[in-house]
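Take a look at the structure set out below.
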Amino acid sequence: QRPGDIPIGESTEYILGDITVTGTKSYNENTVVAFTGLRKGDRIFVPGERLSQVVKKLWDLKLFSDIRVYAVGIKGDPNDDIVDTIDLEFNIIEVPTLNKIEIDGLKKNQSKDLLKELNLSKGTKANENLVTTTRNFIEKKYQDKGFLYADALVRTRDAQDTLGNNYVDMKIEVNKNEKVKIKSIDFEGNTQLSDKKLRKALKNTKQKNFLRVLKRSKYVEEDYQEDLKNLVETYKENGFRDARVVGDTLTKIDDKTIALDIKVEEGNRYYFGDIKFIGNTVYSDDYLQRLLKVEKGDVYNGVAFDNQISDPADPDARTLENEYQNNGYLFSRINAVETKVENDTIDFEIRIIEDNVAYFNHISVKGNTRTNDHVIYRNIQSNPGDKYSKAAIINSIRELGQLGFFNAENINPRILNPSQQDGTVDVEYELEEAGASQIELQGGYGGGGFVGTLGLRFNNFSLRNIFNKEAYQPVPQGDGQTLALRAQASTIFRTYSLNFTEPWLGGRKPVSFNVSFSHSEQFRVNAQNFREVDRNQRFLISGATIGLAKRLEWPDPYFQFSQALSFQHYNLKNYQTNLFNFPNGFSNNFAYTLGLTRDNVGVNPIFPTYGSRFALTAKMTLPYSLWNGVDYENLENDPNFQTNGAPDLAKIDQERFRFLEYYKIKFEGTWYTQIYDKLIMQTKSEFGFLGAYNNDRGLVPFERFFVGGDGLGAFSLDGRDIIRMRGYDNSALTTSADGDTVYNKFSLEMRYPITLEQAASIYVLTFAEAAGSYDTFRSYNPFDVERSAGAGLRVFMPAFGLLGIDFGYGFDPAPISNSTDPSGWNVHFIIGQQF
Amino acid sequence: CSNYQKALKSTDNQLKVRVADSLIAAEKYSKAINLLEQAVPAYRGTDSAAPVALKYANALYEDRRYPESGYQFETYRKSYVSDPYREYATFMIGKSLYEMAPIYSKDQEPTQRALAKFQDYINVYPNGEYLPEANKLVDEMQFKLDKKAYEIAKNYHKRAPFSRGGYTAAIASFENFIIDHPGSEFQDDAAFYLLDSQYSYAIKSFAVLIPERLEVAKEYYDTFAARFPNSEYKEQADELLEKINSYNN
C-alpha cells in the first residue's frame, strides 16, 4: 500500500484494467482518459481518494454536468496474485453549449445591449450556474435602475445539431414591471435632527417631488444601503457620534410606489473639549487652532475634524498636514488623540512631530524621448535648494500636463532618497510622451468650386533643428514651439499661411513670441465661360504679424498681456469688390493690437470643467488723418479727386484707404461651471465694436463683424471677424453687405462627456444663444437680438483636432432675408479648435 | 532583385543565406534582414547556426535597427557560450544601446544601460580586442551625461534672474554637479558659475544678508582659484572677486 491511497470504508486495491469513457459527444474519449491521469496497470483503491480526486478534477473543468464512474468488470489476476484487475467506465454528460439566445419583453435595442452586457455568445457552456447568474444579473440590472420588481425567467431547451453535438437554446423573458418610486420616507426616533435634514442625508434615495429634476425618486437597494450609512455619517457630523439606524421597513403601496420608514437612535450629542497641541515649534497654537477651525464647545464633528488635519481627497486643501508639508516639513507627522471623554465633552491632543526641514535636492526627469530637458525643467516648480513643498509638486504636474506634450493622466512624480539626516529629498518626474501634431486634410465644395485644404500643426516643434537631417523623425521636435502651416486652394482662390510660436523667447522667461505670414490670391471667373479663371482679375492680400505675450505676476499669475504688430497689403487689379469703389488700386492695413487676458480654465483643454477666461483686445491703427492734412470731408470738391468735374469715387476711395484708419475693441468672457457630476455649463458673452477716429474719413469696410452660421473663417480676405451663431446661415445676422461694426452675443451651453480618453474625446452639448449685429453704433441695442437653440456633438482626436456637428433652430427671422418666418433648422459642421 | 524575390519565396535556406550575403556586400541590409529572419530559425541547432545568427544581428545593426540588433547580440551571447565571436557580440550589445541614445537633452536611459553593458564587457574581457573602442565610447557617454547635468544646472542659472528662487536652484544644481560628476571637463565651468550664481544671489538679497552671502561667494572663489588656476574663467572670476572685495570696503 502506497501512502496517499487511504482506503475508505470497504475499499479494495485493484490493478487498473481498461478505462472507457461513455457519453461524450464533442470530446475525444482519449482526451478525457488522458486528463484523468489514470493509466492501465496503475494500482488503485476503489472507492478511494485517488478516484475522487479524478472526479473532482473532471468536475472542475466545468465541461460536464454529470460524471459517474462504474466498475464494469473485475477479473482475477491470471498470475494468481492477490490483487484483482478492475475495468472502469466513466460515464459523463457534457454540458451543452449555448446556441440561440432569445430575449422577450425588451425593445430591440435594449435586448442587444443586454446581450452585450451578459457577454453570452454562441459556444458558452450552458450549465445550471449560467442560468442562475444570468437571471440574477438581469434582475439586478433593472433593480438598479429602479425596477424593484423586475424579474427574469431564464429557460433552456436542449437541442441537437446535425453532427450530434448537443446544445441548448436559451430563452430569457424579462419582465421589468413598473418603475418603483418612493412615495415617502419617514423617520422615527429623531428628536434632534429634522426629517428634512435626514432626507437630505439620503443622497441617492429621494421621495417623490416635482421640483427635483436631477435626481429621481427611484428605489435602488444598493444606493439605499449606502444612504443609510450616509445618514449615520450625517449624525456624526452633527455631534451624535453614537447614532445608529435600528431598523427600517419597506412598505409596498402599489405596483409603482413604496414607502420607507427608518428608525434611528440618536444617542447623545458630543462637543469638543480642550484641544491641545503638542510638539509644535514652527507654528503657534493659535495659528494651528485657526487652521483647525474647531474651538472648545463646538459640536463634535469627527469627519470635518479629521479632514482639517489631513484630507487625502483634496491635495490642495488648507489642512494642518499641508501647512507643514508645503513648507518643507516632509518628515512631519500629525496625530490626533482622544485623551478624555467626560459626559458629552471630548478632549483632544494633537501630537505633532515636526522633524527637520527638507529641501529639494536632485530634480530629474525620465521618459522625455522627444522633448528637450529645458522645455520640461522650466515648467517644474520644485527646484533644487527650495524647501520641500507638496504644492510645488502638484503645481508642476499641472503645468507639465497643460503643455500638451505628455499624457496628462500619466505624470508621475517619484519621491526618492528622502534623507532625514541631510534634510534632502529628490524628485523624479516620470513622463510619457504623447502625440502633439495634428494634420488637417480636407476637400469639399464651397466658394464656387472644389476647395482643398492641407493643414499641419506641430505642437512641439524644434526650429533650430530645421536644417539638422538627424532630427527629422519625422519632423524636428522637442523644443516646445508651435509651427502651423496651412494651404487652401480652389480654382478661384489660394491662401497660404504659416504660424510660428516660441513660448519662451530667449529661454529666460515665459514671454511667448509669435510670428505669422499669410498670402492669398483671389481670381474672378471668366465672364463668358464660368469654368475658366481669369487671372487678369485678381485680388492679392499679403500680410505678416509679429507678437509678444507675457505672463503677468500681478494681479495674479493667470493674467497675460500681449501686443502684436500686423501689416496687410491689399492689391486689386480689374477686381471690383464691395470693399472699394475702385477696381485697380491698393490699400494698407497697419495695426497694433493690445490684449489682456485672464485664463484659469482647467484642467483638460479639450473639455474644461472649471475656471473662466476673459479676453479684452484693442486693435488700432495710427490716426493718420490727424496730421496728414487731407480734408476728407471736402475730397469730392477737390479737383484732384474729380474726373471731368464730377467727384471720382475711385480716386476718393483710394485716398481714403491708402492706409486704413480704425480701431476695434473686442471682449470675450467664458465661464465653466460644474452643474452636476460631469455635466458642465459654459456661459459666454461677447462684444465687438469697430470705430473710426475721423468721421469724415469714415468707417473702413475692413475688419468688420459677420455674425451667423458655423463661425468658420473659410478664407478671410479683409481681417473680418466671423462670429458663430448657430441656427442661422453664415453671416445671416449681418445687416449690411460689408459686414457690421457692432455685435454682441450671449450663449449658454451644456456639455456632457461621453469619453475623455487619450485616443478620442467625445462630448455632447445643447445650447441656447442670442446674438445681434448692428450696422452702426447708433442702431446698437443689446436686447435687439436673434435667438436660437439646439444640440450637437464634438469629437476630438489628437491627430485631427476637433470635429463637430451642431443642429440649431433659429427662432427669429434672419435680418438678411426679407422673410418674416423663423430661420428654422440649420446644420453646422465645426472643424478646428474653437473651444 | 529578382534573385531576392526568388530567395524570399524559396524554401531553400542555404539560398536565402547566399543571397543575403550578396545583399550585405551591396549594403542592402533591410532586404538581407528579411531573408535572414526566415533562415535563422531553420538553422537553429545546426553547426551553421552561429554564423547565420551573427550575420542577422550585424545586418540589423547596419540597418540602424538598434533595439533589435542589441537583442539579437544578447541572444547570441547567451546561446553560443564558447563561440570565438562571443566577445564581439558582448561588445556589440553595448554599442547597439550606445547608438540608441538620443541627444544629451533627452532621456538618457539607453546611455545608462549601454554603460552597464560596456562595464560587463570590460569585466569579462579585461584585455579584449575592443577594449580601446569600448573605453572611447564609455568616455563619450560619460561626457554626454556630464553635459546633460551641466546644461540643466546652466539653465537654472540662465533663468535665475527672472524666477523666484532661481539662484538657489542654480547654486544647488552646480554644487550637486561638482559632487556627482567628479571627472567631468565641465568642473571648472560649474565651479565658476557656482561662484557667479552665489554672487548674484548675494547682491540681490536684503542689505543685511549681503555680506554673509558674499562671504560664501568668496569661499567659492577660493575653491575655484585653487582648483583651476588656468581656467578660461579665471579672469571673470577675478573680476567677481574684486567686486566682492570692493563691496566689503
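The values are calculated or read from the model by the stated rules, or taken from the named source; none is laboratory data. Please read all numbers here as calculations on a predicted model, not as lab measurements. No Cβ is skipped: glycine too gets one built from the backbone with ideal geometry, and neighbour counts run over all protein chains shown. The area values use the complete protein model at the heavy-atom level, side chains included, leaving out ligands, DNA and RNA. Shrake-Rupley method; radii C 1.70, N 1.55, O 1.52, S 1.80 Å.
The 3J(HN,Hα) values that the Karplus relation (6.51, -1.76, 1.60; θ = phi - 60°) gives for the stretch A:690-700 are, in residue order, 10, x, 10, 6, 10, 5, 6, 6, x, 6, 6 Hz. Gly and Pro appear as x.
What translational diffusion coefficient, in µm²/s and rounded to a whole number, does the Stokes-Einstein relation yield for the stretch A:68-118 at 4 °C and a viscosity of 1.567 mPa s, taking the hydrodynamic radius as the Kirkwood radius over Cα pairs?
Translational diffusion coefficient: 81 µm²/s.
So for A:ILE352, A:ILE439, what's the accessible-area order with a 1.4 Å probe, most first?
Result, largest first: A:ILE439, A:ILE352.
Length gained on full extension, A:ASN356 to A:GLU226: 42.5 nm, using 0.36 nm per residue less the C-alpha separation. If R0 is 22 Å, what FRET efficiency do you get for A:TRP59 and A:LYS100 from their C-beta distance, rounded to 0.05? About 0.20, to the nearest 0.05. Take each residue in A:378-386, count the other chain C-beta atoms within 10 Å of its C-beta, and the mean is 6.
Nearest-5 percent of antiparallel DSSP beta bridges in the protein assembly as shown?
85
Placing unit charges on each Cβ (+1 for Lys and Arg, -1 for Asp and Glu) gives the stretch A:114-242 a dipole about its Cα centre, and among A:LEU193, A:TYR224, A:LEU115 the Cα reaching farthest toward its positive end belongs to A:LEU193. Our note on the geometry: Cα centres of the stretch A:590-645 and the stretch A:493-545, 19 Å apart.
Take the Cα of A:PHE513, step 7 Å toward its Cβ, do the same at B:PHE162, and the gap between the two points is 1.0 nm. Amide H contacts of A:ALA814: A:SER823, each under 5 Å away and 5 or more positions distant or on a separate chain (H built 1.01 Å from N in the peptide plane; Pro and chain starts excluded). Between A:GLN289 and B:GLU133, the modelled labels are 7.7 nm apart [label points 7 Å from Cα along Cα→Cβ].
The Rg/Rh ratio for the stretch A:189-275, using Cα coordinates for both the radius of gyration and the Kirkwood hydrodynamic radius, is 1.03. Give me the net charge of B:TYR125's neighbourhood, meaning all other residues with Cβ under 11 Å from the Cβ of B:TYR125; Lys, Arg count +1, Asp, Glu -1. Computed value for this residue: -2.
Using only protein heavy atoms and a 1.4 angstrom probe, determine the accessible area buried between A and B, summed over both sides, in Å² to the nearest 100.
For chain A against chain B, roughly 1900 Å² becomes buried.
In plain terms, the chain from A:GLU173 to A:LYS276 could stretch by 30.6 nm, reckoned as 0.36 nm per residue minus the Cα-Cα distance. For A:LEU51, the solvent-accessible surface computed with a 1.4 Å probe is close to 20 Å², ligands and nucleic acids excluded.
What FRET efficiency do you get for A:LEU793 and A:GLN758 if R0 is 22 Å and r is their Cβ-Cβ distance, rounded to the nearest 0.05?
0.70
Here, the stretch A:9-151 yields an orientationally averaged convex hull projection of 11.7 nm² when only Cα atoms define the hull. Across the stretch A:783-834, the mean sequence separation of Cα contacts (distance under 8 Å, 6 or more residues apart), normalised by length, yields a relative contact order of 35 percent. If you wrap the tightest convex hull around every Cα atom of the stretch A:326-463 and split its volume per residue, you get 181 Å³. Split the accessible area of the protein assembly as shown by element, probe 1.4 Å, and carbon with sulfur accounts for 51%.
Within chain A, which DSSP H helices have Cα atoms that stretch 18 Å or more along the helix axis and a mean Kyte-Doolittle hydropathy of at least -1.0? Before the final figure, lay out each step's value.
Details: long enough: A:128-144 (24 Å, -1.26); A:221-237 (24 Å, -1.81); A:390-403 (20 Å, 0.33).
Going by DSSP H runs, the hits are A:390-403.
Annotation for the stretch A:287-349: trypsin sites (Lys or Arg not before Pro) lying in DSSP loop with at most 15 further Cβ atoms inside 10 Å of their Cβ are A:LYS293, A:LYS296, A:ARG318. Taking every protein chain into account, the 1.4 Å probe leaves A:HIS519 with about 50 Å² of accessible area, to the nearest ten.
The phi-based Karplus calculation (6.51 cos²θ - 1.76 cosθ + 1.60; θ = phi - 60°) puts the 3J(HN,Hα) values of the stretch A:465-470 at 9, 5, 9, 9, 4, 4 Hz, whole numbers, x for Gly and Pro. Using only the Cα atoms of the stretch B:149-249, build the gyration tensor, take square roots of its eigenvalues as a ≥ b ≥ c, and label the shape rounded, prolate or oblate: rounded if a/c is under 1.5, else prolate if a/b is larger than b/c, else oblate. It comes out oblate by the Cα gyration axes.
Projected label points at A:ASP84 and A:GLN528, each 7 Å from Cα along the beta carbon direction, are separated by 11.7 nanometres.
Taking 8 Å as the Cα distance limit and 6 or more residues as the minimum spacing, I'd like the relative contact order of the stretch A:663-801 as a percentage. Reported as a whole number, the value is 21 percent.
Where in the stretch A:581-618 does the amide nitrogen come within less than 18 Å of the point 7 Å from the Cα of A:PHE561, taken along Cα to Cβ? Of the residues in the stretch A:581-618, A:592-599, A:614-618 have backbone N under 18 Å from the label point off A:PHE561.
Whole-Hz Karplus values for the stretch A:638-648 come out as 7, x, 5, 10, 10, 10, 6, x, 9, x, 9 Hz, taken residue by residue from phi with 6.51 cos²θ - 1.76 cosθ + 1.60 and θ = phi - 60°; glycine and proline positions read x. Charges were assigned to the Cβ only: +1 to each Lys and Arg, -1 to each Asp and Glu. The resulting dipole of the protein assembly as shown about its Cα centre is roughly 2580 debye. Sorted largest first, the spans of the alpha carbon positions of chain B along the three principal axes are 90, 38, 25 Å. Distance from the Cα centroid of the stretch B:86-132 to that of the stretch A:113-132 is 55 Å (rounded to whole angstrom).
Residues with beta-carbon under 12 Å from that of A:ASP718, excluding A:ASP718: net charge, scoring Lys, Arg +1 and Asp, Glu -1?
Computed value for this residue: -1.
Across all directions, the shadow cast by the convex hull of the protein assembly as shown built on its C-alpha atoms averages 73.8 square nanometres. Multiplying the residue separation of A:GLN442 and A:GLU342 by 0.36 nm and subtracting their alpha-carbon distance yields 28.3 nm. Each eigenvalue of the Cα gyration tensor of the stretch A:273-357, multiplied by 5 and square-rooted, gives one semi-axis; in descending order these are 22, 14, 10 Å. With a cut-off of 11 Å between beta carbons, the residues surrounding A:GLN568 carry a summed charge of -2, where Lys and Arg count +1 and Asp and Glu -1. The largest accessible area among A:TRP504, A:TRP825 belongs to the first residue in A:TRP825, A:TRP504, and the rest follow in falling order (1.4 Å probe, all chains). When the P(r) is computed for the stretch A:432-565, the part past 25 Å accounts for 45% of the Cα-Cα pairs.
Only loop residues by DSSP count here, and only those with at most 16 other Cβ atoms within 10 Å; note down the trypsin sites (Lys or Arg not before Pro) in the stretch B:97-192 that meet that. Here the sparse-neighbourhood loop sites are B:ARG164.
Only one residue of A:TRP554, A:ILE541, A:ALA527 has its Cα farthest out toward the positive end of the dipole of the stretch A:523-566, where Lys and Arg carry +1 and Asp and Glu -1 on Cβ, and that residue is A:ALA527. Heavy-atom accessible area for A:THR597, with the other protein chains in place and a 1.4 Å probe, reaches approximately 40 Å².
Residues A:VAL54, B:VAL81 ordered from highest to lowest accessible area at a 1.4 Å probe: B:VAL81, A:VAL54.
Computed from the Kirkwood radius of its Cα pairs, the Stokes-Einstein diffusion coefficient for the stretch A:620-727 at 4 °C and 1.567 mPa s stands at 76 µm²/s.
What do you get for GluC sites (Glu not before Pro) in the stretch A:708-812 restricted to DSSP loop and a cutoff of at most 15 other Cβ within 10 Å of the site's Cβ?
Sparse-neighbourhood loop GluC sites (Glu not before Pro): A:GLU757.
Its Cα gyration tensor gives the stretch B:64-154 an equivalent ellipsoid. The semi-axes, each the square root of 5 times an eigenvalue, are 26, 15, 8 Å from largest down. Probing with 1.4 Å while keeping every protein chain in the model, the per residue accessible area of the stretch A:680-782 equals 36 Å². Taken over the Cα atoms of the stretch A:377-433, the convex hull encloses 71 Å³ per residue.
With contacts taken as Cα pairs under 8 Å at a separation of at least 6 residues, chain A carries a relative contact order of 5 percent.
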